[in-house]
1. Could you give each residue of the range 33-38 its phi-based ³J(HN,Hα) in whole Hz, using Karplus coefficients 6.51, -1.76, 1.60 with θ = phi - 60°, and x for Gly or Pro?
2. Roughly how much of SER56 is accessible, in Å² to the nearest 10, using a 1.4 Å probe?
3. List the trypsin sites (Lys or Arg not before Pro) within the range 1-61 that DSSP assigns to loop and that have no more than 13 neighbouring Cβ atoms inside 10 Å.
4. Starting from the Cα gyration tensor of the range 15-83, take the square roots of the eigenvalues, sort them a ≥ b ≥ c, and report rounded, prolate or oblate (rounded when a/c is under 1.5, otherwise prolate if a/b is larger than b/c, else oblate).
Amino acid sequence: MLGTTGVPGESGVAYAGLHRLLRPLAEQVARLTPAHRDALGTILHGAPRGDSFVLSTAVCELLGRVARDRPVLCWADDVHWLDARSLEVLAFAARRVADERAAVLFAARDGEPDAARSPAVRRLRLGPSPRTRAAGCCGTPSAATWTARRAAT
């Protein structure tokens, strides 16, 4: 699982959410083509620049490579606070990973604008879940703890 959370204080910092999401994959970036490696390198090491399409396709390629070894779930919580650039790239990836063993999950609080709005991104409204049920739906202790904590809020 790869995850990021929108933070109000970082919503104006370009690619802050994407940086948080991709940091665990920094070693995988070295295996990409030079153009994709350079695009992601600017996100992971500072000074983001370059073509947004190349960056978006680099994220898709990276997720696809990781998904060859194991299924990948990318989650973005509180997307209404996620910086616009990260959200654009993640929505681009979400629309293109259907043929990979990868998925992108967006979550927003009730009453907030639908920041991940895209006709190609399926929506599902979930109600509150009891803490025990939320904890039991995840396979790892850290994921179960996170899920239970989120379900309780």
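1. In residue order, the calculated couplings are 4, x, 5, 5, 4, 5 Hz.
2. Counting only protein heavy atoms, the figure is 10 Å².
3. Sparse-neighbourhood loop trypsin sites (Lys or Arg not before Pro): ARG31, ARG49.
4. It comes out oblate by the Cα gyration axes.
The values are calculated or read from the model by the stated rules, or taken from the named source; none is laboratory data. Given the structure is predicted, the values throughout are model-derived calculations rather than measurements. Glycine gets a Cβ as well: all are built from the backbone with ideal geometry, and neighbour counts include every protein chain shown. Protein only, heavy atoms only, side chains kept; ligands, DNA and RNA dropped before computing areas. Shrake-Rupley method; radii C 1.70, N 1.55, O 1.52, S 1.80 Å.
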